[in-house]
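Below is one structure; the comments refer to it alone.
The values are calculated or read from the model by the stated rules, or taken from the named source; none is laboratory data. All values derive from a computational prediction rather than experimental measurement. Please note: Cβ atoms are built from the backbone with ideal geometry, for glycine as well, and neighbour counts cover all protein chains shown. These area figures cover heavy atoms from the full protein model, side chains too; ligands, DNA and RNA do not enter into them. Shrake-Rupley method; radii C 1.70, N 1.55, O 1.52, S 1.80 Å.
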Amino acid sequence: MTFDTLLIYVVASLALAVIPGPTMLLALSNGIEGGMKRASWGIAGASLGSTVLIAVVALGLGSLLAASEMLFDAIRAAGVAYLVWLGAKLWRSEAADLGAALARSAVEPRPHGRVALLRSLLVALSNPKTVLFFAAFLPQFIDVGRPQGPQYLLLGAIFVALDTCVMLAYAAAGTQAVRWLSRRGLRLLNRGCAAGMWLLAATLAFWRRPA
């Protein structure tokens with residue numbers, strides 16, 4: 001692909017990455033509850049999920065999801081249920097009690113890290129819209145006259161790298177919120193993340209694939 005095509009892809013990918021989504025909200029919440037260490041585990045899970053989905057599209061399995069309404073609806077139902085459950089967990093979280101939250105993350109970093117990684121990974125994998133988006137977005141920048149595998153590898157690596165940087169920014173914002181916001185303000189911010197999860201769940205529940 002040409003440099004101009006690659007530059008357009010980078011700009012488009014960055015614009016898409018900064019739009020708040022469930023993995024971004026999780027990065028923000030993890031930054032509040034457990035600092036950058038816990039948030040980094042969650043970001044790794046989200047990045048792994050994006051890598052898997054891009055690989056699925058590169059292998060041509062995205063077209064299978066697009067063609068199978070039953071498979072699409074099953075994954076969508078699972079994604080909606082999981083986002084609702086995550087929203088409930090965030091709403092009830094006592095993350096505003098930062099002394100206890102940070103102490104727990106320091107004493108038990110591994111279990112908390114694994115939980116954050118698994119949550120973000122499941123959120124990334126349980127949204128069929130993401131697969132369809134990649135299936136529609138990535139081929140626009142593929143030169144069909146050249147080997148497609150290396151091109152998908154390059155485009156996927158760029159998107160995951162940009163997405164990771166944006167999630168790190170969200171997580172850093174969460175850690176700064178710990179310093180500057182009151183206990184009540186942090187609780188409201190965490191519940192705002194919960195409300196965002198529910199809004200995204202509702203959007204996914206009522207979203208219909210283009211004919």
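Which of the peptides 146-154, 50-58, 132-140 is most tightly packed, and how do the rest follow, going by the mean number of other Cβ atoms within 10 Å of each residue? Let's see the in-between values first.
Numbers: 146-154: 13.0, 50-58: 19.1, 132-140: 17.1.
In descending order of packing, they fall as 50-58, 132-140, 146-154.
Top to bottom by accessible area (1.4 Å), largest first, where do Lys37, Lys89 land?
Details: Lys37 130, Lys89 75 Å².
Listed by decreasing accessible area, they come as Lys37, Lys89.
Report the gain in length on full extension from Leu153 to Met36: 0.36 nm times residue separation, minus Cα-Cα distance, nm rounded to one decimal.
On the way: separation 117, 0.36 × 117 = 42.12 nm, distance 2.80 nm.
Length gained between Leu153 and Met36: 39.3 nm.
Heavy-atom accessible area per residue, the range 1-63, 1.4 Å probe: how many Å²? Before the final figure, lay out each step's value.
Numbers: 2680 Å² over 63 residues.
About 43 Å² of surface per residue is accessible.
Using Cα-only point scatterers and the Debye equation, what is log10 of I(q)/I(0) for the range 108-173 at each q in 0.12, 0.25 Å⁻¹, rounded to two decimals?
-0.46, -1.18
What does the net charge come to around Ala194 if you take all other residues with beta carbon closer than 10 Å to its beta carbon, with K and R at +1 and D and E at -1?
Details: positive: Lys89, Arg92, Arg191; negative: none.
Surrounding charge for Ala194 is +3.
Given R₀ = 35 Å, FRET efficiency for Leu188-Val18 by Cβ-Cβ distance, to 0.05?
Working from the Cβ atoms, E equals 0.95.
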